[in-house]
Amino acid sequence: MAYITINKENFYYNLQQIALKVGSVEKIAIVLKDNAYGHGLELMAELASEFGIQHAVVRDESEAQKIQSLFQTTLVLSGEAHKLSKCHYTINSIEQIDSLPKGTFVELKVDTGMRRNGIVVAQLEEALEKIEKQGLRLVGVMTHFRCADVLSSELFWQIKQFEEVQKRLKALGIEDVRVHSCNSSATLRQKSIQEDIVRVGISAYGYNELPYPFDAIELRPVLSLYAQKISTRTINAGERVGYGGDFVASRSMQISSYSLGYGDGWCRGNAKKPYLTSDGLEILGRVSMDMISLESTIDRVCIMSDAQETAKYFDTISYEVLTALSSDIKREVEK
Ligand SMILES: *Cc1c(COP(=O)(O)O)cnc(C)c1O
C-alpha cells in the first residue's frame with residue numbers, strides 16, 4: 001500500500017509562524033475540512049490540539065463528530081445541523097435559519113463579494129430577527145474572501161464591505177460575537193489581524209499560495225506520500241511498459257512497480273509530461289489504478305513531499321492534489 005507520513009515538527013513550525021503573525025495561538029482556528037486537506041482528520045486534530053489550538057473548522061457534522069471533543073469550538077461550514085454540544089453552525093442562507101434547532105450555536109456568514117454562500121448585506125436585519133425568533137444563539141459573524149491570493153486591491157474592497165457590516169451590527173447592539181474573515185492568504189498578506197480568529201488551512205499544512213511578491217513567511221510542507229515496491233524486472237531496449245505501452249525503453253533497465261495509483265487519489269495526469277518523484281525518478285508510462293512503474297529497485301519511494309511542486313505537473317493547485325488522496329491510505333507521524 002501507499003502510505004503517508006506527517007512531519008509534526010513542520011506542522012508545529014507553521015502554526016508557530018502563523019501565531020507570530022496573528023498575535024497568539026488562541027486566535028488560530030485550524031481548518032480541518034476534507035480529511036484535514038488529505039492529511040488525516042483525527043491525526044491532525046490531535047496534533048493541533050496538543051499544540052494548543054482551541055478552535056477547529058470542518059466541512060460537515062460527520063467530521064465534527066470525530067474531533068469536536070478536542071476543541072473549545074468546532075465550526076461546521078455546511079450540511080445538516082443536529083445541535084452537537086460544542087459545534088457552531090454556519091448560516092449560509094436566510095432560508096436555512098428556519099430549519100435550525102432551537103438553542104443551536106450559529107455563526108452568520110455574510111456574502112461580501114464571493115457570491116457563493118451567506119446572506120447578502122441587505123438581509124442583515126432580517127437574518128438577525130429570524131435568528132432571534134428561532135431561538136438560535138448567535139456566536140459569530142463571518143465572511144469569506146474571493147481574491148485574497150490575487151495580486152489586486154479586491155481584497156481591500158471586500159474587507160471594507162465587511163467593516164461596514166460590523167458597523168451595522170454594532171449599531172444594532174450585536175457586540176458579543178466573534179468576528180472572522182481571513183483564510184491563509186488573507187492572513188499572510190495583511191500586516192496585522194484585528195479580528196478574533198483566523199481560519200487557516202493550507203498555510204498550516206505548509207503552503208504559501210500567495211504569488212510573488214507577497215512571499216513573506218516561510219512554511220514547511222507537512223505531508224509526504226510514499227509507495228512500496230511490488231515487483232522488479234529487467235527490460236530491454238525497445239520494450240514497452242504499462243497500459244498502451246506508452247513508455248518505450250531506450251536501453252536496458254531495471255524497473256519496479258510501486259503501490260500507488262489513481263485509485264489512491266493520485267492523478268493519472270498526462271503521460272506526455274512525465275512526473276518526477278521527490279528523488280527525481282520518472283513515472284514510466286501511464287499511471288494504473290493501483291500501480292506506477294519506476295526505474296528503481298528500492299523498497300519504498302517518496303513520491304511527493306511538496307504538493308505545490310506536484311500540482312505544477314498536473315496544472316492544478318496544492319489543495320486539489322492533497323484532498324484527492326484517499327482516506328484509506330495509512331497516515332502516521334514521522335518518527
Ligand atoms: C477552506 C476555507 C478556509 C481555509 O482556506 P485556506 O486557503 O486553506 O486557508 C477558510 N474559510 C472558509 C470558509 C473555507 O471554506
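The values are calculated or read from the model by the stated rules, or taken from the named source; none is laboratory data. What you see is a predicted model; the values in this text were computed from it and never measured. Glycine gets a Cβ as well: all are built from the backbone with ideal geometry, and neighbour counts include every protein chain shown. SASA here: full protein model, heavy atoms, side chains in, ligands and nucleic acids out. Shrake-Rupley method; radii C 1.70, N 1.55, O 1.52, S 1.80 Å.
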Residue list for the stretch 90-123, filter: touching a strand residue (DSSP E or B) at 6+ places or on another chain (Cβ under 7 Å) and either touching a residue at least 60 places away in the same chain (Cβ under 8 Å) or aliphatic (A, V, I, L, M) (or both): I91, I94, I97, L100, V106, E107, L108, V110, I119, V120, V121
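Taking the criterion of being basic (K, R), assigned to a loop (DSSP other than H, G, I, E, B) and within 26 Å of K27 (Cα to Cα), would at least one residue in the stretch 96-106 satisfy it?
Initially, the stretch 96-106 is screened for residues basic (K, R), giving 102.
In the following step, the residues that additionally are assigned to a loop (DSSP other than H, G, I, E, B) were identified as 102.
Within this subset, residues satisfying the condition of being within 26 Å of K27 (Cα to Cα) are none.
No: the stretch 96-106 contains no residue that is basic (K, R), assigned to a loop (DSSP other than H, G, I, E, B) and within 26 Å of K27 (Cα to Cα).
Do any helices (runs of 4 or more DSSP H) lying entirely in the stretch 1-82 carry at least 2 residues that are crowded, with 18+ Cβ neighbours inside 10 Å and polar (S, T, N, Q), and which ones are they? Walk me through how you get there before you give the answer.
On the way: elements: 8-22, 33-37, 41-51, 61-67.
Filter on the stretch 1-82 gives 8-22.
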Of residues in the stretch 240-281 being open to solvent by 60 Å² or more (accessible area, probe 1.4 Å) and aliphatic (A, V, I, L, M), the one nearest to D328 (Cα to Cα): L276
Selection count where residues are closer than 18 Å to D176 by Cβ, surrounded by 16 or more Cβ atoms within 10 Å (Cβ to Cβ) and either more than 16 Å from the ligand (Cβ to nearest atom) or not assigned by TED's automatic domain parsing to the domain that holds Q166 (or both), scope the stretch 106-138: 6
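Looking only at the stretch 146-160, filter to residues that are of a type outside the set (A, V, I, L, M, F, W, C) and away from the ligand (no atom under 16 Å from the Cβ); which one of those is farthest from E209 (Cα to Cα)?
Step one: of the stretch 146-160, the residues of a type outside the set (A, V, I, L, M, F, W, C) are 146, 149, 152-154, 158, 160.
Imposing the further condition that a residue be away from the ligand (no atom under 16 Å from the Cβ) reduces the set to 152-153, 160.
Details: S152: 15, S153: 17, K160: 23 Å.
Here the answer is K160.
Name the strands (runs of 3 or more DSSP E) wholly within the stretch 250-335 that hold at least 1 residues that are under 26 Å from Y12 (Cβ atoms)? Write out each step before concluding.
Details: elements: 253-258, 292-294, 300-304, 330-333.
Those strands (runs of 3 or more DSSP E) span 300-304, 330-333.
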Boolean, L223 is hydrophobic (A, V, I, L, M, F, W, C), in contact with a strand residue (DSSP E or B) (Cβ under 7 Å, 6 or more places away or on another chain) and open to solvent by less than 20 Å² (accessible area, probe 1.4 Å): yes
Residue in the stretch 291-301 that is buried (at least 16 other Cβ atoms within 10 Å of the Cβ), of a type outside the set (S, T, Y) and in contact with a helix residue (DSSP H, G or I) (Cβ under 8 Å, 6 or more places away or on another chain) present: no
Subset of the stretch 170-207 that is surrounded by fewer than 22 Cβ atoms within 10 Å (Cβ to Cβ) and among the basic types (K, R) - its residue that is farthest from the ligand (Cβ to nearest atom): K170
Every pair of residues 6+ apart whose Cβ atoms lie under 9 Å, when the first sits in the stretch 233-251 and is closer than 12 Å to E295 by Cα while the second is open to solvent by less than 50 Å² (accessible area, probe 1.4 Å) and among the aromatic types (F, W, Y): V241/F247
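Hand me the list of strands (runs of 3 or more DSSP E) wholly inside the stretch 173-236 holding 3 or more residues that are under 27 Å from T277 (Cβ atoms) and within 21 Å of the chain's Cα centre (by Cα).
Working: elements: 178-180, 198-200, 223-235.
Strands (runs of 3 or more DSSP E) meeting the threshold: 223-235.
In the set R115, R168, which member is basic (K, R) and outside any helix (DSSP H, G or I)?
Working: R168 fails: outside any helix (DSSP H, G or I).
So the residue among R115, R168 that is basic (K, R) and outside any helix (DSSP H, G or I) is R115.
Does S24 satisfy the criteria of being modelled with pLDDT of 95 or more, more than 18 Å from the chain's Cα centre (by Cα) and within 15 Å of the ligand (Cβ to nearest atom)? Before you say what the answer is, go through the steps one by one.
Working: modelled with pLDDT of 95 or more: yes; more than 18 Å from the chain's Cα centre (by Cα): yes; within 15 Å of the ligand (Cβ to nearest atom): no.
For S24, the condition - modelled with pLDDT of 95 or more, more than 18 Å from the chain's Cα centre (by Cα) and within 15 Å of the ligand (Cβ to nearest atom) - is not met.
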